[in-house]
1. Working only within segment 203-223, note down all residues that are open to solvent by less than 20 Å² (accessible area, probe 1.4 Å) and not in a helix (DSSP H, G or I).
2. Return the residues of segment 136-155 that are open to solvent by 80 Å² or more (accessible area, probe 1.4 Å), within 14 Å of E102 (Cα to Cα) and not in a loop (DSSP other than H, G, I, E, B); say none if nothing qualifies.
3. Out of (1) part of a loop (DSSP other than H, G, I, E, B); (2) farther than 23 Å from G127 by Cα; (3) in contact with a Leu (Cβ under 8 Å, 6 or more places away or on another chain), the odd one out for G36 is which?
4. Could you check, for segment 232-240, whether at least one of its residues is open to solvent by 30 Å² or more (accessible area, probe 1.4 Å) and free of Cβ contacts under 8 Å to residues at least 24 places away in the same chain?
5. Report, by residue number, each residue of segment 113-128 that is in a strand (DSSP E or B), touching a residue at least 40 places away in the same chain (Cβ under 8 Å) and surrounded by fewer than 18 Cβ atoms within 10 Å (Cβ to Cβ).
6. Return the residues of segment 50-83 that are open to solvent by 20 Å² or more (accessible area, probe 1.4 Å), closer than 24 Å to N175 by Cα and part of a strand (DSSP E or B); say none if nothing qualifies.
7. Out of the residues in segment 173-197 meeting the condition of being charged (D, E, K, R) and touching a helix residue (DSSP H, G or I) at 6+ places or on another chain (Cβ under 7 Å), tell me which one is surrounded by the fewest Cβ atoms within 10 Å (Cβ to Cβ).
8. Collect the residues in segment 170-225 that are charged (D, E, K, R) and more than 12 Å from S245 (Cα to Cα), keeping them in residue-number order.
Amino acid sequence: MIDLAAVVLTKDEEANIGRCLEKLRWVPKVLVLDSGSTDGTERIAKSFPNVTWAVRKFDTHATQWNHACDMAKSEWVLCLDADYILSEGLIEEISQLRPGPEVCSYTARFVYCIDGKPLRGTLYRRGGPILYRREKCRYVDLGHGHAARVGTKTAALSNIVYHDDRKSMERWMANQREYARREVEFLFGPKPSEGWSLADRLRRLGWLMPVIAPLFALFVKGVVLDGRAGIEYARQRWIAEKLISEEIRRRGCS
């Protein structure tokens, strides 16, 4: 197996961290970098014998990821959010990797879940890099988000990662309010057009995305066929976009 460590960022992830770490028991070293949890995240993380627990005050996602990767010390780093769950197929695939020296990173496909039920399509990204040659990767902040900058050669893993966030609605709402604040700062900041997507341009109108997003999820992405889980996902997208719209109006940006 490649010289591998996994890193997981946490902040009040009691509802997710155990399921994430359960699928990382095969990794020799797992670093959990926390930014001030007040729930049971630390207790759960420390119950896994391959986990090292560390705490760092959060400033930006990029600096947090870079700090965690620097602490890992391994040649390869598997970077996961606490609500990412590796599929059995992906575990087997990574454990058998024999990358050449030109390969700097691997991407994987993401499948979004509601209470453990996979959805057939969502508004989230369908895939992205999760496994990096540590010395070839640095994270950078991009507007309201962040991205990994890696070497030139990227390969694709054929198996999936489940994105299965089961935090309470109260915690989810708090996260969405913070995201709405950062989203509006990005959309109406000093360089607002840098990195705009179509969704960002529609959000600037203030009222349109709370209408479009749930309908697009239901009938274009097809989550209406996923039953209650699909309806709940559409409801969450409506709430998230509504919070952004309200923040725009609160700041008098529209």
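The values are calculated or read from the model by the stated rules, or taken from the named source; none is laboratory data. Note that the structure is predicted; figures quoted are calculated from it, not measured. Note that each Cβ is placed from the backbone with ideal geometry, even for glycine, and that neighbours are counted across all protein chains shown. For accessibility, only protein heavy atoms count, side chains too; no ligands or nucleic acids. Shrake-Rupley method; radii C 1.70, N 1.55, O 1.52, S 1.80 Å.
1. Listed by number, the residues that qualify are G206, G222.
2. K136
3. So the condition that G36 fails would be (3).
4. Within segment 232-240, one or more residues are open to solvent by 30 Å² or more (accessible area, probe 1.4 Å) and free of Cβ contacts under 8 Å to residues at least 24 places away in the same chain.
5. K117, P118
6. Listed by number, the residues that qualify are W53, V55, D81.
7. R177
8. Answer for segment 170-225, where residues must be charged (D, E, K, R) and more than 12 Å from S245 (Cα to Cα): E170, R171, E178, R182, E185, K191, E194, R201, K221.
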